[in-house]
Amino acid sequence: MPLSNLNKEQLEAATCKNGSNLIIASAGTGKTSTIVGRIGHLISQGVKPEEIMLLTFTNKAAAEMVERVAKFFGMDIAKAMMAGTFHSVSYKLLKTLNVNITLKQPSELKTLFKSVYEKRVFYHRDDETNPYDGGYLYDMYSLYLNSTHGEDFDDWIIERNEGHELYTPIYVDVVKEFNELKVKYSYANFDDLLTIMIEKQKETEFNYKEILVDEYQDTNPLQGRLLEGFKPESLFCVGDYDQSIYAFNGSDIGIISSFDKRYENARVFTLRKNYRSTRPILALATKVIEHNERIYEKHLEVVRKEELYAPKLLVFSELFDQYEHIAKSIAKTMTPKDEIAIIFRNNSSADGIEVNLREYDIPARRKGGHSFFDSLEVKFIIDIISLLMKPNDMMSVIHILEYGKGIGKAIAKDIFDALMMLGDGSLFMGLFEPKASVKNPYLSAKSKNIQLGLFDDFIELGSVSKFKDCGFDEKFLGNAILKHPKLTYEGGIFLHEFYLVVKSLKRVKNPNSIIEHVLKSKLFAHLKEILSTKRGTLKDGNLDSSLKLAAELKIERKGLLLKKLATHYKELHKFINAMVLGGGEMSEGEGVHLLTVHASKGLEFKEVYIIDLMDGRFPNRKLMSKGGSLEEERRLFYVAVTRAKDILYLSYAKYDRIKKLDFIHSQFLKEAGLVKTAPKEE
């Protein structure tokens, strides 16, 4: 049984009575073992696995717990549980309820949002306050959904941002049109999965005997409403208020801190034994985090007795001296490279350290910045697969066609709308069997409303004569979509390449085969040329042929890596959903881990470097001025330190010669007792 290896405190928590139970589990105290133990206890008490829901912060964490349950009860029982993130569980349940949705990455729907926003004209402007740009407004709307308890969007905007009253009607109308488009095309991003699920909870009864929640401290109000909507008979929430680091995404530390007040007869258990870090590392982390207000009392005990290394402070006169020294140290260390992590508060720190590691031929993997799935070439392939899975996918068409020279997002959207008109609501019919009766598929009229920033927009047809010598398929040459007046010669060629790829892939259903075909197509060769040229162009405008070649090889490698991932899937929708829901958890490469603090959450390493510990960078004063807090920055420092098992280095530099900036040390180093007098430089 999974209970046999638990210590006294873990066992007490895992076998507690049904009801409202909160388990305070600090870093390294065995929360995963406790959760698995609780699941084992429930099953042994006769609770059916399908009556258990497990909500985790990542799908990887859910998979690990399912595997551990399977060791005791078999995979059939373990997989019968509903397990995953709030978003993936919502997606699975919506599918069982036959809700028609096409899942999209937030960045994809941000493109749609911006296309709606950019049609607006702010006729009246405040002399002191400029309107938000479309991308920022999209992020604001996402924060609103995740962090509020039912306020109207316009009231929320005005309350937070004085001076935007004049623009708020336009903001609200943009959001309204955006949401209408999502409903029309059945699009859903991660926020929508939760909001749609909450609506379904009002008409559907879910019979879960217990819901277990991991990383409860990072729950936001939207997730809190979802959790309440399931109406579980029993709750088992595991978290640590000292590791609440997602306020920027709407998480509310008040949810965990008020647990015993919000739930009648709530019980709070505390896991005190730390199995991960040595005593000096844990002592440093504790010394700093105790400057934050204590919500639930806890006094950690170190299980490990060895004290091989005390945390070491590294001080440098210049920023890049720091990066070079760390690379040299890693080159000499006996610690395996995949057991080393370099952790930073800001992504800007990653480039400098990555370059220096490369100088010493040290392999490194980077996570927490742009993921493999954020790369344009990978998105391009996934968009083609999405379009084959759902032919009327407007966003996929826009993302693919915008790479044609002179096309861009606006014309790509015009082409999509025209194809839908030519095909009577079917994009493929509009592409392959267009209606001859439609003479001008681009004619549109939009209502004029100055208050909402709307205006009239009509379009006149252009000539297709410029495409007659392009060698186009004769049927395609007669398609009225070529009559867009702003469609260039090169854009038409790209559109024809798109036509040929879709035509050849219409009956291919295997993701691996589709990717192989795309990688060999003229369309992908066209994309590769565009991206590699851009990545090989220097700041002075000259093209570096060696950089361009390196970029081409990297693009090809990413395509082959995606093809390799696809070998595990036979069905298009399962492959796409896995890439969208789990893509952000994957990292490329091998070797030293380069991680933001947020990306390091839940991980542990033998040797850890926390770099750029300068005041302003860590704590990040800029983010603090925009609504963050010193307390959250301190929790981020605590999370970073507690990733280390054996060896911990903390470093900072006094000067940045490129930006000509002077630095002083982070106040967390002073709170840790590492800085008292002027530190000695390395």
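Which whole-number value in Å² is the accessible area per residue of the range 470-535, probe 1.4 Å?
Values: 3110 Å² over 66 residues.
For the range 470-535, the solvent-accessible area averages 47 Å² per residue.
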So the angle from the long Cα axis of helix 190-201 to the longest Cα principal axis of the chain, reported in degrees to the nearest 10, equals 80
Counting Lys and Arg as +1 and Asp and Glu as -1 over every other residue whose Cβ sits under 13 Å from the Cβ of residue 152, the net charge comes to -2
Per the rule of 0.36 nm per residue minus the C-alpha distance, extending residue 96 to residue 359 adds in nm 89.5 nm
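Can you order the peptides 535-547, 425-437, 270-282 by their average number of other Cβ atoms within 10 Å per residue, highest first?
Ranked from most to least packed, the peptides come out as 270-282, 425-437, 535-547.
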Output ordering of 634-641, 656-663 (per-residue mean of other Cβ within 10 Å, highest first) is 634-641, 656-663
Between residue 347 and residue 262, the two model label points (7 Å from Cα along the beta-carbon direction) sit apart by a distance in nm of 3.1
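Which value in Å does the Kirkwood hydrodynamic radius of the chain take, with 1/r averaged over all unlike C-alpha pairs and then inverted? Please list the in-between numbers first.
Values: mean 1/r = 0.0358 Å⁻¹.
Taking the inverse mean of 1/r over all distinct Cα pairs, the chain comes out at 27.9 Å.
What does the charge count near residue 104 come to, summing +1 for each Lys or Arg and -1 for each Asp or Glu among other residues with Cβ under 12 Å from its Cβ?
Around residue 104, the charge tally is -1.
Which entries of 409/520; 390/503; 466/522 have Cα-Cα distances beyond 18 Å here? Numbers along the way, then the final one.
Details: 409/520 25 Å; 390/503 14 Å; 466/522 21 Å.
Table pairs above 18 Å Cα-Cα are 409/520; 466/522.
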Here the FRET efficiency for residue 561 versus residue 203, based on Cβ atoms and R0 = 51 Å and rounded to 0.05, is 0.75
If each part is reduced to its alpha-carbon centroid, the range 32-82 and the range 496-526 end up apart, in Å, by 41
Using alpha carbon centers only, the range 181-207 is separated from the range 346-366 by a whole-angstrom value of 41
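Please report the antiparallel percentage of DSSP beta bridges with both residues in the chain, rounded to the nearest 5. Could you put the intermediate results ahead of the total?
On the way: 6 of 55 bridges.
Expressed as a percentage, antiparallel bridges in the chain total about 10.
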Other residues with Cβ under 13 Å from the Cβ of residue 330 give, with Lys and Arg +1 and Asp and Glu -1, a net charge of -2
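Sorted by mean Cβ packing within 10 Å, highest first, what order do the peptides 105-117, 59-71 take? Walk me through the numbers on the way to the answer.
On the way: 105-117: 19.8, 59-71: 17.6.
Highest to lowest by the protection proxy: 105-117, 59-71.
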Label model pair residue 429, residue 573: point-to-point distance (7 angstrom along the Cα→beta-carbon line) in nm is 2.2
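Once the Cβ-Cβ distance between residue 334 and residue 136 is put in as r, and R0 is 56 Å, what FRET efficiency do you end up with, to the nearest 0.05? Show your work: numbers first, answer last.
Numbers: r = 47 Å, r/R0 = 0.85.
Efficiency at R0 = 56 Å is approximately 0.75.
Using a 1.4 Å probe on the protein chains only, how many percent of the accessible area of the chain belongs to carbon and sulfur?
Details: 15860 of 31270 Å².
C and S atoms contribute 51 percent here.
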The range 227-290 and the range 620-654 have their Cα centres apart by a whole-number Å value of 18
Expressed in nanometres to one decimal, the distance between label points 7 Å along Cα→Cβ at residue 161 and residue 655 is 4.0
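When the chain is fully extended, how far beyond the present Cα-Cα distance does residue 624 get from residue 273, taking 0.36 nm per residue of separation?
Numbers: separation 351, 0.36 × 351 = 126.36 nm, distance 3.28 nm.
The residue 624-residue 273 span can extend by a further 123.1 nm.
Once you have the Cα-Cα distance between residue 410 and residue 438, take 0.36 nm times their residue separation minus that, and quote the gain in nm to one decimal. Kindly include the intermediate steps, with their values, before the conclusion.
Working: separation 28, 0.36 × 28 = 10.08 nm, distance 2.12 nm.
That pair, residue 410 and residue 438, stretches by 8.0 nm at full extension.
Once you charge only the Cβ atoms, +1 for Lys and Arg and -1 for Asp and Glu, what is the size of the charge dipole of the chain about its Cα centre, to the nearest 20 debye? Don't skip to the answer; put the middle values down first.
Values: 96 positive and 95 negative charges, 355 e Å.
Charge dipole, the chain, about its Cα centre: 1700 debye, nearest 20.
Relative contact order (percent) for the chain, with alpha-carbon contacts under 8 angstrom and 6 or more residues of separation? Present the calculation step by step, with values, prior to reporting the outcome.
Numbers: 1103 pairs, mean separation 121.7, N = 682.
About 18 percent, as a whole number.
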The range 644-662 scanned against label point 7 Å out from residue 306 along Cα→C-beta; backbone N under 20 Å for 644-649
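The values are calculated or read from the model by the stated rules, or taken from the named source; none is laboratory data. Not measured: the values here are computed from a predicted model. Don't worry about glycine lacking a Cβ; one is built from the backbone with ideal geometry, like all the others, and counts go over all protein chains shown. With ligands, DNA and RNA removed, areas are computed over all heavy atoms of the protein, side chains included. Shrake-Rupley method; radii C 1.70, N 1.55, O 1.52, S 1.80 Å.
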